[in-house]
1. Heavy atoms only, 1.4 Å probe, whole protein assembly: order Ile55, Ile107 by accessible area, highest first.
2. First check a/c for segment 49-96, with a ≥ b ≥ c the square roots of the eigenvalues of its C-alpha gyration tensor; if it is under 1.5, answer rounded, and if not, answer prolate when a/b is larger than b/c or oblate otherwise.
3. Which order, highest average first, do 73-82, 56-65, 93-102 follow once you tally other Cβ atoms within 10 Å for each residue and take the mean per peptide?
4. Tell me the label-point distance for the pair Gln105, Val74, using the 7 Å Cα-to-Cβ offset, in nm and rounded to one decimal.
Amino acid sequence: MREWRPSVGFMRQRFRDVTLRIGTMPRKSIGDRPMTDAERQARCRAARVAGVPIIRARRAIDQRSRAQRWRDAVAELTGLQSQYAAWLEALPSSLQDSATAEALQAICEIDLADLQAIEPPRGFGRD
């Protein structure tokens, strides 16, 4: 008698199911318990039949260019560095020799002028 072996399609489906279970966040519950996939699908179908608009939340896509994201990141680092400098100055004298003070001092000593001077390429022959 021949031994049963799973087909390639079966294995792909199984891998996809496992991957989806591992890679997704748990869904928010509506009510006292989370809805099953079948309940969620039935709710969606009922809303579609009733003509109720279905709202799907999507993350906003970052429309900034790479160069703009670079400038924003450098500005963020500069702002954070100044906040850490203010924190270091406000640190009580009893904590001046602590690990916190050493970490704050290391952050304040980083020279961000090199990063601020860099102008990223625009690309596609626009340089």
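The values are calculated or read from the model by the stated rules, or taken from the named source; none is laboratory data. The structure displayed is predicted, hence computed values, not measured ones. Reconstructed Cβ throughout: ideal geometry from the backbone, glycine too, with neighbour counts over all protein chains shown. Accessible surface areas use protein heavy atoms only, side chains included; no ligands, DNA or RNA. Shrake-Rupley method; radii C 1.70, N 1.55, O 1.52, S 1.80 Å.
1. I get Ile55, Ile107, largest accessible area first.
2. oblate
3. Those peptides, ordered most packed to least, come out 73-82, 93-102, 56-65.
4. About 2.9 nm separates the two model spin labels.
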